[in-house]
Ligand code: NDP
């Protein structure tokens, strides 16, 4: 049984883009699990854009990480020792004790996983986990997707965005358009994910590229990016269009708040709906999501891509790289 764990702590809060000096790798003593606790060996952990918000000392839907304390986040691991009758040694569990190689976690805060044949544990951090439910609930509930919609999604080569476009296509979208930050990602989105069109937002104004890709306008915009993308999408919206406001990563490292879209007045005349959401609002959809998307993934109808980085020592650079666009598909850290 291991007696120590390696874990990543928040060393200092960043201003602007995080740097490696904001984190510290620490070795700590590992106690035996007490009653109701599990000792878990993490196999994979997640780095996600929302963690940038947890580095700030500001109230939010996810509590801030504390300086000098371990970072937290999603991980999947194997139970090495159990102080709880309900969870056996050897079980595979999804839990919130990421950013470390071993974790002591309360047994009532884990989800015991039973992956189907061929389903890798990392999928529970991506397509079959939080990003997957974000895409599913954001598109179908928040965005009120209807067959025949023309859908635009930003961050289209990322974990959430790549799923949104594929889900829309499977449910009968008229046209699915994506934006991403490189020519390779644009190719991935059209050739591997089956989007009808995509563009590199570095190639020119988003509004111009979007109107070329969607000459008949868009009915639903799934916003992962905010800023110029949101303004362009509002400008391209058809009557009674809908925006599912999922994230605004273009501003996460910004020191000043960006100006809002300058064309918000269009919301009135076009009767648009802009609705923000947090994935946990839609936890009640988890069983339907697991059934539907589990089947799509198992049967290959949804293409899943991961960028896998090896080792806890590389987790910080992977996280910083995620915010810069180093990933295609879900960014995963392999720990064992
Ligand atoms: P991704 O896998 O999409 O990774 C982040 C991507 O953001 C990068 O790969 C990069 O791709 C893109 N990006 C970075 N900076 C910019 C920029 N300035 N302009 C445009 N794109 C940029 O992450 P996720 O799929 O996990 O998350 C996508 C979004 O969804 C985020 O905004 C996140 O906060 C949000 N989210 C919201 C949830 C909710 O409950 N509301 C839950 C989960 C995620 P590129 O190379 O294309 O620039």
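The condition (being assigned by TED's automatic domain parsing to the domain that holds residue 194, away from the ligand (no atom under 14 Å from the Cβ) and not in a loop (DSSP other than H, G, I, E, B)) is satisfied by just one residue among 105, 151: 151. Within segment 49-62, residues that are modelled with pLDDT under 95 have Cβ atoms under 8 Å from residues that are more than 8 Å from the ligand (Cβ to nearest atom) and part of a loop (DSSP other than H, G, I, E, B) in these pairs: 58/64, counting only partners at least 6 apart in sequence or on another chain.
To keep it simple, each residue is scored yes or no on (1) modelled with pLDDT of 95 or more; (2) within 24 Å of the chain's Cα centre (by Cα).
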position	(1), (2)
28	yes, no
31	no, no
66	yes, yes
71	yes, yes
76	yes, yes
79	yes, no
92	yes, yes
104	yes, no
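For segment 237-244, does any single residue satisfy the condition of being under 15 Å from the mean Cα position of the chain (by Cα), more than 8 Å from the ligand (Cβ to nearest atom) and either part of a strand (DSSP E or B) or in the same structural domain as residue 136 (by TED's automatic domain parsing) (or both)? Yes, because at least one residue in segment 237-244 is under 15 Å from the mean Cα position of the chain (by Cα), more than 8 Å from the ligand (Cβ to nearest atom) and either part of a strand (DSSP E or B) or in the same structural domain as residue 136 (by TED's automatic domain parsing) (or both).
Inside segment 254-280, residues that are over 28 Å from the mean Cα position of the chain (by Cα), exposed (fewer than 14 other Cβ atoms within 10 Å of the Cβ) and in contact (Cβ under 8 Å) with a residue 24 or more places away in the chain make up a count of 1.
In segment 293-336, what residues are in a helix (DSSP H, G or I) and buried (at least 17 other Cβ atoms within 10 Å of the Cβ)?
Our first condition is that a residue be in a helix (DSSP H, G or I); within segment 293-336, this holds for 293-298, 312-324.
Result: 293, 294, 296, 297, 312, 315, 316, 318, 319, 320, 322, 323.
For beta carbons closer than 8 Å, sequence separation of 6+ or different chains, a first residue in segment 143-155 that is on the phi > 0 side of the Ramachandran plot and a second that is in a loop (DSSP other than H, G, I, E, B) and within 13 Å of the ligand (Cβ to nearest atom), the qualifying pairs are 155/224; 155/225; 155/247.
Applying the criterion of being within 18 Å of residue 127 (Cβ to Cβ) and out of contact with any helix residue (DSSP H, G or I) (no Cβ under 9 Å at 6 or more places or on another chain) to the residues of segment 154-191, the residue that is nearest to the ligand (Cβ to nearest atom) is 185.
Scanning segment 74-107 for residues that are buried (at least 23 other Cβ atoms within 10 Å of the Cβ) and at positive phi returns a single hit, 99.
The values are calculated or read from the model by the stated rules, or taken from the named source; none is laboratory data. Just so we're clear, the structure is a prediction, and the values are computed from it rather than from any experiment. Neighbour counts run over all protein chains shown; Cβ positions are idealised from the backbone, glycine included.
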